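J.: Mind having a look at this structure? Questions to follow.
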Amino acid sequence: ATGWHWRLASAGGGTLARRQCHPRYSAAKSRRGAVLVLVLVVTALLSLAALTFSQLMLVEHEASKLAAERVQSHALAASGVEAARWFLSQDAQVQKDAGSWYNNEEKFRGVLVTPDDDPYSRGRFALVAPAMEDGRRGGVRFGLEDESTRLNLNTLITADQQQPGSGRKILMGLPGMTEQIADAILDWIDADDEPREFGAEVEYYSGLDPPYAPKNGPVATVEELLLVRDVTPQLLFGVDLNRNGFRDPGEPDPMSIENVDNADGAMDGGWSAYLTLHSLELNLDPDGKARIDLNQDDMEKLHKQLSEVFDVSWANYIVAYRQNGPYESTSGTSTTLWSPDVGELDLTRKGQFPLSTVLDLIGKPVQVQFKEEDKKRVIGSPFLNVPGVMSVYLPKLMDHVTVNKSPMIPGRININQASRTVLMGIPGMTQDIVDQIVSVRRVDPAEAEDQRRHETWILAEGIVDLDQMKALMPFVCGGGCVFRTQAVGYFDAGGPATRLEVILDTTKRPARVLFWRELSHLGRGYARETLGIEAP
């Protein structure tokens, strides 16, 4: 038995050995090994593809989320623009009661638009404008900027026509400005091809490579000045590269602007911080109606209009002035103060003496011959040339009358808020006048005295005399109707932000957008803590 089992085992073992050594058996085993390796490779590739796909999906998810957040941040900034439009569309008294448009943290700082427990989803907007300290730009406030605090490039030629040389004088108020550049800017804007004393016209620009022609008309953007001879990006934009109103760490040295002394930081934002194309004011009375045109031809109509808003003695005097002109009194001539019962005017007589300014009425007697009287009498002006007294009558006079028929007046400068830089460029301004204006004014309309709503307050308070005020009148105002702001949309915990620069026109209601520019490529510009976030 033992032998039999051995033989059987030997026989079986031989068969197994023969099978293992057979070529077909070896090939099958190799195929099975190759399949296993192939399965492992395919599994690895599928795993890698799945990992790559999942990572790609995660990246796409993050990209989609980021894109959605960018859209949301843009909507947040646009909400700020709409909030500014709505606020500016309210009546002046409503705006003042709500804190005014100038610096109003409650209305314009960190305004919550999308409440959420997650700070990464909690969205806000802020409206930012440059702050003013001692008449110089610096820091931020939360509100809007009156465009009439800037120099209007497109009104320079008109100013130059009214007072020859005033265009250059206005531009020379800008730091680093030269007579050559000022004249070149005026030549770029004026309609002729005749170069000014230091200017440049088509003969210069046609010799450049590539050649081009001067605009010879209103400029479309402030940036167009870069085409003007000798105007450089540094002069136009300064060292404030991200346009947030002040120099941040990492931005160029403030003294790096060639041939410009920027020790006081006046050129941090370059000339663009002081220039505009959009300043405008309405020539309307407090009720939104056209002011009374003092130079109209119909004296009966003029007298009727004046009597509806003024005491009749004021109406009589103004009509008498238009009919007879100012009387240059001689010694020994008696002057009667005007009262309603002094005499009756012949309103059928035409007005032969137009007024160049409302201020012509101040302190000027008139010689009048009343109805049913044989002799002329000299009647004194009810508008006395006495500082202090003028504070009583001038605001009311300026509210209701004008010598300019236009319903809108462009380009005049708001002396209540303009910077020292801009004020010093106004023809007729002196350093002493600017210092006095800056020292006593209150730039926020919510805090300003009501009698300072017109530019003539500097006359009424004795800062300038009557002749100086008359010279300044074509160039100054007490406030404009067009406003600029930067609207920033952002999230409490970070993420994408949108920054828009917009200019809003309130000459029509509701306010409308005149200008819209994306500044998001320059960054948020302001720390989130500055703009306003919820405390953790």
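J.: Could you list, in sequence order, all residues of the stretch 171-210 that are open to solvent by less than 70 Å² (accessible area, probe 1.4 Å) and among the hydroxyl-bearing types (Ser, Thr, Tyr)?
T.: The answer is Thr178, Tyr205, Ser206.
J.: Would you pick out the residues in the stretch 140-170 that are closer than 17 Å to Val476 by Cβ, open to solvent by less than 50 Å² (accessible area, probe 1.4 Å) and either out of contact with any strand residue (DSSP E or B) (no Cβ under 7 Å at 6 or more places or on another chain) or among the β-branched types (Val, Ile, Thr) (or both)?
T.: Correct list: Thr149, Thr155, Leu156, Ala159, Asp160, Ser166, Gly167, Ile170.
J.: Let me ask something else. Taking the options Val312, Val319, name whichever one is over 22 Å from Arg412 (Cα atoms), free of Cβ contacts under 8 Å to residues at least 60 places away in the same chain, buried (at least 18 other Cβ atoms within 10 Å of the Cβ) and among the β-branched types (Val, Ile, Thr).
T.: Of the residues listed, the single one that is over 22 Å from Arg412 (Cα atoms), free of Cβ contacts under 8 Å to residues at least 60 places away in the same chain, buried (at least 18 other Cβ atoms within 10 Å of the Cβ) and among the β-branched types (Val, Ile, Thr) is Val319.
J.: Could you list, in sequence order, the residues of the stretch 394-445 that are modelled with pLDDT of 95 or more, hydroxyl-bearing (Ser, Thr, Tyr) and closer than 23 Å to Leu361 by Cα?
T.: Thr402
J.: Quick one: what pairs do we get from the stretch 118-139, first residue within 21 Å of Val440 (Cα to Cα) and open to solvent by less than 20 Å² (accessible area, probe 1.4 Å), second basic (Lys, Arg) and not in a strand (DSSP E or B), C-beta under 7 Å, 6+ apart or different chains?
T.: Gly135/Arg420
J.: Next up: Return the only residue of Ser307, Ser391 being at pLDDT 90 or above, among the polar types (S, T, N, Q), outside any loop (DSSP other than H, G, I, E, B) and closer than 20 Å to Leu466 by Cα.
T.: None of the other options fit; the residue is Ser391.
J.: In the set Gln180, Gln161, which member is more than 25 Å from Arg524 (Cβ to Cβ), part of a helix (DSSP H, G or I) and modelled with pLDDT under 95?
T.: The match here is Gln161.
J.: Residues of the stretch 267-283 being more than 24 Å from Val502 (Cβ to Cβ) and either outside any loop (DSSP other than H, G, I, E, B) or touching an Asp or Glu at 6+ places or on another chain (Cβ under 9 Å) (or both), which ones?
T.: Met267 - this is the single residue of the stretch 267-283 that is more than 24 Å from Val502 (Cβ to Cβ) and either outside any loop (DSSP other than H, G, I, E, B) or touching an Asp or Glu at 6+ places or on another chain (Cβ under 9 Å) (or both).
J.: Where the second residue is of a type in the set (S, T, N, Q) and surrounded by 21 or more Cβ atoms within 10 Å (Cβ to Cβ) and the first is within 23 Å of Ala126 (Cβ to Cβ) and lies in the stretch 235-248, which pairs have Cβ atoms under 9 Å and are six or more apart or on separate chains?
T.: The qualifying pairs are Arg243/Gln486; Asn244/Gln486; Gly245/Gln486.
J.: Is one or more of the residues making up the stretch 444-457 outside any loop (DSSP other than H, G, I, E, B) and crowded, with 22+ Cβ neighbours inside 10 Å?
T.: Yes, the stretch 444-457 has at least one match.
J.: Here's something else I'd like to know. So which of Asn404, Asn414 ends up being polar (S, T, N, Q) and over 18 Å from the mean Cα position of the chain (by Cα)?
T.: The match here is Asn404.
J.: If you don't mind, there's one more thing I want to ask. Where in the stretch 76-156 are there strands (runs of 3 or more DSSP E), lying wholly inside it, with at least 1 residues that are under 27 Å from Leu236 (Cα atoms), at pLDDT below 95 and charged (D, E, K, R)?
T.: Counting at least 1 such residues, we get 123-133, 136-141.
J.: Tell me which residues, restricted to the stretch 346-357, are within 47 Å of the chain's Cα centre (by Cα) and either open to solvent by 50 Å² or more (accessible area, probe 1.4 Å) or touching a residue at least 60 places away in the same chain (Cβ under 8 Å) (or both).
T.: Residues satisfying the conditions are Lys350, Gln352, Phe353, Pro354, Leu355, Ser356, Thr357.
J.: Next question. How about the stretch 413-436: which of its residues are in a helix (DSSP H, G or I) and free of Cβ contacts under 8 Å to residues at least 60 places away in the same chain?
T.: Answer for the stretch 413-436, where residues must be in a helix (DSSP H, G or I) and free of Cβ contacts under 8 Å to residues at least 60 places away in the same chain: Gln431, Asp432, Ile433, Asp435, Gln436.
J.: Given the criterion closer than 29 Å to Lys169 by Cα, among the aliphatic types (A, V, I, L, M) and touching a strand residue (DSSP E or B) at 6+ places or on another chain (Cβ under 7 Å), identify the matching residue among Ile463, Ile415, Ile433, Ile458.
T.: Going through Ile463, Ile415, Ile433, Ile458 in turn, the sole match is Ile415.
J.: Still on this structure, please answer the following. Go through the residues of the stretch 358-372 one by one and say whether even a single one is under 28 Å from Leu282 (Cβ atoms), open to solvent by 40 Å² or more (accessible area, probe 1.4 Å) and modelled with pLDDT of 90 or more.
T.: For the stretch 358-372, residues under 28 Å from Leu282 (Cβ atoms), open to solvent by 40 Å² or more (accessible area, probe 1.4 Å) and modelled with pLDDT of 90 or more: absent.
J.: Can you tell me which residue within the stretch 484-536, out of those that are outside any loop (DSSP other than H, G, I, E, B) and more than 26 Å from Val239 (Cβ to Cβ), is nearest to the chain's Cα centre (by Cα)?
T.: Leu504
J.: Still on this structure, I have one more. Please go through the stretch 230-266 and give me each residue that is farther than 24 Å from Tyr204 by Cα, in a helix (DSSP H, G or I) and open to solvent by 80 Å² or more (accessible area, probe 1.4 Å), ordered by number.
T.: Selection gives Met255 alone.
J.: Right, next: Is one or more of the residues making up the stretch 501-515 surrounded by 15 or more Cβ atoms within 10 Å (Cβ to Cβ), of a type in the set (S, T, N, Q) and within 19 Å of Val111 (Cβ to Cβ)?
T.: There is no residue in the stretch 501-515 that is surrounded by 15 or more Cβ atoms within 10 Å (Cβ to Cβ), of a type in the set (S, T, N, Q) and within 19 Å of Val111 (Cβ to Cβ).
J.: Pick from Gly176, Gly143, Gly167: which is more than 28 Å from Thr507 (Cα to Cα) and of a type outside the set (Asp, Glu)?
T.: Exactly one of Gly176, Gly143, Gly167 is more than 28 Å from Thr507 (Cα to Cα) and of a type outside the set (Asp, Glu), namely Gly176.
The values are calculated or read from the model by the stated rules, or taken from the named source; none is laboratory data. Computed from a predicted model, the values in this text were never measured in an experiment. Neighbour counts are summed over all protein chains in view; Cβ atoms, including those assigned to glycine, are modelled from backbone coordinates with ideal geometry. Only protein heavy atoms, including side chains, enter the accessible area calculation; ligands, DNA and RNA are left aside. Shrake-Rupley method; radii C 1.70, N 1.55, O 1.52, S 1.80 Å.
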